[in-house]
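Okay, structure first, notes after.
The values are calculated or read from the model by the stated rules, or taken from the named source; none is laboratory data. Owing to the predicted nature of the structure, the values given are computational and were not obtained by experimental measurement. Cβ sites come from the backbone with ideal geometry, for glycine too, and all protein chains shown count toward neighbours.
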Ligand SMILES: Cc1cc2nc3c(=O)[nH]c(=O)nc-3n(C[C@H](O)[C@H](O)[C@H](O)COP(=O)(O)O)c2cc1C
């Protein structure tokens, strides 16, 4: 686009959203006076009241105690711990089986059911369980444990152990690339639903499901997840796409942090699902600022999860988001987060089609006219 560096704004953002512009369909009109008195940031997520809608999503930042304490001091509503990965669990199971066989071979007298001594053995899964305990003791807010996998495997066993360790809820991170040509979408969905059902059936705490946006007929699938026992939907996981090195001609993962521009995918789906399912909704991907938090709440999320912004600016950024949100709410006449949630959801706006296909052609036509001016 370097040939067009003539001052034209190629990032068309719709009509002027300034104060003087007439409200368009789907735009909220703030006519009320500024709110006086305390602003209530509390929000209900997975059946529990949180002090703030800003939640630290799963990342290395939530994986050590000093950072967790800093997030607590900065006022986040809850934290999601880094995921325990299926591969870690599989590794542990294989390791246990190997040790068990070795011990049995070494000790033919061993009675059946003999358990090998595991002194010094500390797998990822075992460490994870003790970290859940430590995290619970370290902070004064809900701690959500996270499981990352795609098969039913040992999840039910680990779910019970995570609950025993003190997890207030469990987030199931379904991270799967459906690359098998023989596997149709229905099979992928059925397996996911069975996984959720299996975990929800043993959990005595709420289960949230963190999803990729690559499911077909997403609204229907969301409903089926709720029927399977999901108490929360976390929209959406951010895939780390592989990249090719032109130097080494090799493929490797490339992790780049998100920007606020990525907010619009979760924003759309929070808005479409809000009020239509008996489920908590968390928006994740692209929540960087107080403005982003306000947008996803207005769309219909109960909480705004953030990782990239916290990794970039540090845990105290959560305080800045809380303060900015409080100031914005006061200016716009909102006294509580509860009043905000879903105020601009698909069910609330004058032009519900704006969240679907309807203004597709108009958007492109308007962009073209800006581009060709
Ligand atoms: C370094 C890093 C590690 C992450 N680890 C996990 C993880 O273990 N489990 C998980 O569910 N999400 C994980 N995520 C995804 C984040 O929780 C979040 O959903 C994603 O980064 C999008 O949010 P953001 O735009 O605020 O960064 C990780 C993200 C980053 C950047």
Report task. Please find, within the stretch 268-291, the residue that is surrounded by the fewest Cβ atoms within 10 Å (Cβ to Cβ) out of those that are in a loop (DSSP other than H, G, I, E, B) and touching a strand residue (DSSP E or B) at 6+ places or on another chain (Cβ under 6 Å). Result -> 279
Report summary line: Checking 297, 265 in turn, the sole residue that is in a helix (DSSP H, G or I) and away from the ligand (no atom under 13 Å from the Cβ) turns out to be 297
Report summary line: Only one of (1) within 16 Å of the ligand (Cβ to nearest atom); (2) touching a helix residue (DSSP H, G or I) at 6+ places or on another chain (Cβ under 6 Å) does not apply to residue 240, and that is (2)
Query raised in the report: Counting only residues that are assigned to a loop (DSSP other than H, G, I, E, B) and in contact (Cβ under 8 Å) with a residue 60 or more places away in the chain, which one in the stretch 231-252 is farthest from the chain's Cα centre (by Cα)?
Result: 231
Report summary line: Going through (1) under 26 Å from residue 241 (Cβ atoms); (2) more than 11 Å from the ligand (Cβ to nearest atom); (3) at pLDDT 95 or above one by one, residue 288 fails only at (2)
Requested in this report: Among the numbered conditions (1) away from the ligand (no atom under 16 Å from the Cβ); (2) in a loop (DSSP other than H, G, I, E, B); (3) free of Cβ contacts under 8 Å to residues at least 60 places away in the same chain, tell me where residue 141 comes up short.
Outcome: (3)
Query raised in the report: Given the structure, is residue 80 part of a loop (DSSP other than H, G, I, E, B) and within 13 Å of the ligand (Cβ to nearest atom)?
Result: no
Requested in this report: Would you mind finding the one in 338, 356 that is surrounded by fewer than 14 Cβ atoms within 10 Å (Cβ to Cβ) and either under 23 Å from residue 270 (Cα atoms) or within 21 Å of the chain's Cα centre (by Cα) (or both)?
Outcome: 356
Report task. Restricting attention to the stretch 260-302, report how many residues are without any contact (Cβ under 8 Å) to a residue 60 or more places away in the chain and out of contact with any helix residue (DSSP H, G or I) (no Cβ under 8 Å at 6 or more places or on another chain). Result -> 4
